[in-house]
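A short write-up of the structure that comes next.
The values are calculated or read from the model by the stated rules, or taken from the named source; none is laboratory data. Small disclaimer: the values here were computed from a predicted structure and weren't measured. Don't worry about glycine lacking a Cβ; one is built from the backbone with ideal geometry, like all the others, and counts go over all protein chains shown.
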Amino acid sequence: MALAIVRRGGIVNFFSGLPSGTHVEIEPAAIHYSEIKLISTFHHTPRFFREALEAIRRGDISAHDFVTEEIRLADLPQAFERMKSRSGEIKLAVRP
């Protein structure tokens, strides 16, 4: 799904805990001609999350450095439209 909606030159992040040996089908021509980047993210243990939250609490890290906006869940469709126009969002925190 992500490859079908990512913009030309965009990035698709594969984040999933699939079992070893799982295969995913992709369309190489779409990736090549649309200059799409495929990246992956590895999850971390609860200990790493606790350490990161503690660093934010102490002020060593500012969450404002990487969260550009907080939005309500109901405003998510408009946020996606803004992101398609490259209006500068880095990460959005979605609040229910």
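Just a few scattered comments:
Let's see how each residue does on (1) at pLDDT 90 or above; (2) exposed (fewer than 10 other Cβ atoms within 10 Å of the Cβ); (3) within 16 Å of the chain's Cα centre (by Cα); (4) of a type outside the set (Ser, Thr, Tyr):
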{"residue": "Lys37", "(1), (2), (3), (4)": "yes, no, yes, yes"}
{"residue": "Thr41", "(1), (2), (3), (4)": "no, yes, yes, no"}
{"residue": "His44", "(1), (2), (3), (4)": "no, no, yes, yes"}
{"residue": "Phe48", "(1), (2), (3), (4)": "no, no, no, yes"}
{"residue": "Met83", "(1), (2), (3), (4)": "no, no, yes, yes"}
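- Of everything in segment 5-26 that is polar (S, T, N, Q) and in a loop (DSSP other than H, G, I, E, B), the residue that is nearest to His43 (Cα to Cα) is Ser16.
- Condition check for Ala29: exposed (fewer than 10 other Cβ atoms within 10 Å of the Cβ), part of a helix (DSSP H, G or I) and among the hydrophobic types (A, V, I, L, M, F, W, C): yes
- On the stretch given as segment 37-96, residues that are in contact with a strand residue (DSSP E or B) (Cβ under 8 Å, 6 or more places away or on another chain), part of a loop (DSSP other than H, G, I, E, B) and among the aliphatic types (A, V, I, L, M) total 1.
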